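A.B. asks: I am attaching a structure below and will ask some questions about it afterwards.
The values are calculated or read from the model by the stated rules, or taken from the named source; none is laboratory data. Owing to the predicted nature of the structure, the values given are computational and were not obtained by experimental measurement. Quick reminder, even Gly has a Cβ in these numbers, built from the backbone with ideal geometry, and neighbours come from all protein chains shown. Side chains are part of the model used for accessible areas, which takes the heavy atoms of the whole protein and leaves out ligands, DNA and RNA. Shrake-Rupley method; radii C 1.70, N 1.55, O 1.52, S 1.80 Å.
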Amino acid sequence: MIFLPLLLLLFAYLVFRILVRRVYLERGRLSVISSGLQLVVFAGYFGLGYLFNPPEWIVFWMIGSASSRELFTAGFLIVCIGLVVAFGTMFWFGIGRAFGVHQDGLKKTGPYRLSRNPQVIGGYLLVAGTSLQWPSLYAIGWILIYAVIAHWMIITEEEHLHRLFGEEYQAYCAEVPRYLRVKMRAKGTAPD
């Protein structure tokens, strides 16, 4: 049961931190093969939910749950928001750009004003929502594996974007957080 997730993590490391990194260095953009391998990593990740269904998950995406009706509903809403965020930003950004094949300037508008990685935030919402619907130790492991894989992908892309856009990307990084901008106010201060 631990072997397949570890194998997936090893494969993800090899794809993101070695192969994709090398392709970015050599070509300046991803090849169809390196983009395809990234998809294979995430397909393998989402397949883990089906491979390691706890007994209470009779069918992974079935209607019904092991959680309360409220948690199931909250999870469903979070999954829906995650789908909109992940795929909406992917289409807004452009499919070729989202897969690292096309590059035509640094995108800093729209959802990229709040996060440098809104598609990954959408993925987190998908995973978190599903985990709320079917809470278990498996779900916690599933969330942690996503966090590791997504982070490897992000740091590889950031290295490439630093090389490609230099000071412009550095200024963007200083302005927009890697994951999500959350505005906090100090205790006792008036709201903005």
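A.B. asks: Taking the condition of being open to solvent by 50 Å² or more (accessible area, probe 1.4 Å) and modelled with pLDDT of 80 or more, how many residues in segment 93-124 meet it?
C.D. replies: Step one: of segment 93-124, the residues open to solvent by 50 Å² or more (accessible area, probe 1.4 Å) are 95, 99, 102-104, 107-109, 113-114, 124.
Cutting the leftovers down to modelled with pLDDT of 80 or more gives us 107-109, 113-114, 124.
Residues meeting the conditions: 6.
A.B. asks: Kindly indicate which of LEU19, LEU51 is under 20 Å from ILE143 (Cβ atoms) and either at pLDDT 90 or above or hydrophobic (A, V, I, L, M, F, W, C) (or both). Explain how you work it out, then say what you get.
C.D. replies: Values: LEU19 fails: under 20 Å from ILE143 (Cβ atoms).
None of the others qualify; the one that does is LEU51.
A.B. asks: While we're looking at this one, here's another question. In segment 25-47, which residues are farther than 20 Å from VAL120 by Cα, part of a helix (DSSP H, G or I) and either open to solvent by less than 80 Å² (accessible area, probe 1.4 Å) or charged (D, E, K, R) (or both)? Spell out the reasoning first.
C.D. replies: Filtering segment 25-47 down to residues farther than 20 Å from VAL120 by Cα leaves 25-28, 31-33.
This time we only want the ones that are part of a helix (DSSP H, G or I), so: 25-27, 32-33.
Hits for segment 25-47 are GLU26, ARG27.
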